[in-house]
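So the structure is just underneath, and the comments pick up after that.
The values are calculated or read from the model by the stated rules, or taken from the named source; none is laboratory data. On a predicted model such as this, the values are computed, not experimentally measured, just so you know. Every residue, glycine among them, receives a Cβ derived from its backbone with ideal geometry; neighbour counts consider all protein chains shown.
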Amino acid sequence: MRIVKFLLTAYRRIMNNLRLFQVPGLVYTPCRYYPSCSDYAGLAIEKYGFWRGLTRSLFRTLRCNPLSKGGIDFP
Amino acid sequence: MSNIFKIILYAPLFNALIFLSSFMPNRDLGLAIIALTVVIRLIFLPLSMKAQRSQKALNAIGPKIQAIKDKYKNDRTAQGAAMMQLYKDNNINPVAGCVPILIQLPILIALYQAFIAGLKPESLSMLYSFVPSPESLNTLFLGFLNIAGKNPLLAVLAGVLQYFQAKQSMSYMKASGAGASPQVAAINAQMLYFLPIMIIVLGWSLPAGLVLYWITTTVFSVGEQMYLKRNQ
């Protein structure tokens, strides 16, 4: 659990920097949903445990595409 | 899985590279790398500009977002509603979402592989029948720079350009936002130097063709942001 939290924090830090500096090579699209996918993953794993939380986070990430409306979506 | 990747991404990009090189003076592979990079950046340009504008707007209301998070710590519904209202009031409409980022990653990996393959003569067997096969690959960029080998000077140039690009981006992204906390500002300042150094260290031992790609894409970014800044 601690490792997951550490990874999520590290991911958020890296993404923040990539977004701020717009490191070339990728287009960094901002979040459509609230909370963001990484925050969602943290909450989902807290609520449902590791595997179910992870699966739900995965589907949430896939939902976050140009066809979805976005908006509020808590686990 | 790796076969699908090869068929739909890697092989087409490699063929595009060789195809483009046939139009270049002396079949210059370096010029073809630059051309292919520009084409790909142009395809992603509309998405990229929208995303950057949207990100800038989000950064500008960063302190307000934090305030809402703190205020409604225990009431998720209220927190979400306040956040949506804030987005609405500031005309923020985030584009695309996570999936486009996930799609870009394999494209980027395939592009790297295509460039590396383009520098090796034996990969020509991968060419489609309608792409004219060159007798040999010309890896001498502009007639004097061997892009199949290493080139520390080019790596340093890439690092310097990366520094200017990051600096420019930082000022654009924060231009209208409230000042970040001193801690965040310190981390940002560190990253400003860390990134170019990383590029130089990596570029030092990579084939110069890849470094050429990085230089092209960085210059493209600088141009794009100059345009965004002028038209904000």
By residue number, the members of the range B:125-141 that are closer than 15 Å to B:ALA32 by Cα and assigned to a loop (DSSP other than H, G, I, E, B) are B:VAL131, B:PRO132, B:SER133, B:PRO134, B:SER136, B:LEU137, B:THR139
Failed condition for B:GLN66, given (1) under 22 Å from A:TYR11 (Cβ atoms); (2) of a type outside the set (Val, Ile, Thr); (3) assigned to a loop (DSSP other than H, G, I, E, B), with all others met? (3)
Condition set within 22 Å of A:GLN22 (Cα to Cα) and in contact with a Ser or Thr (Cβ under 6 Å, 6 or more places away or on another chain), scope the range B:27-82, selection modelled with the lowest pLDDT: answer is B:ALA60
For B:PRO134, are the conditions met, namely being within 14 Å of another protein chain (Cβ to nearest Cβ) and surrounded by fewer than 16 Cβ atoms within 10 Å (Cβ to Cβ)? no
Working carefully through the options B:ILE68, B:ILE101, find the one that is touching a Leu at 6+ places or on another chain (Cβ under 7 Å), within 17 Å of B:THR217 (Cβ to Cβ) and aliphatic (A, V, I, L, M). B:ILE101
Please count how many residues of the range B:1-26 are within 16 Å of B:ILE103 (Cβ to Cβ) and touching a residue at least 40 places away in the same chain (Cβ under 8 Å). 4
Could you tell me whether any residue of the range B:152-160 is surrounded by 17 or more Cβ atoms within 10 Å (Cβ to Cβ), within 30 Å of A:ASN16 (Cβ to Cβ), within 14 Å of chain A (Cβ to nearest Cβ) and without any contact (Cβ under 8 Å) to a residue 60 or more places away in the chain? yes
Odd one out for B:VAL211 among (1) on the phi < 0 side of the Ramachandran plot; (2) over 15 Å from the mean Cα position of the chain (by Cα): (2)
For the list (1) surrounded by 15 or more Cβ atoms within 10 Å (Cβ to Cβ); (2) within 7 Å of chain B (Cβ to nearest Cβ), I need the number of the one condition that A:PRO66 fails. (1)
Give the range B:83-120 a look and list any residue that's assigned to a helix (DSSP H, G or I), more than 13 Å from chain A (Cβ to nearest Cβ) and loosely packed, with under 13 Cβ neighbours inside 10 Å, or say none. B:ASP89
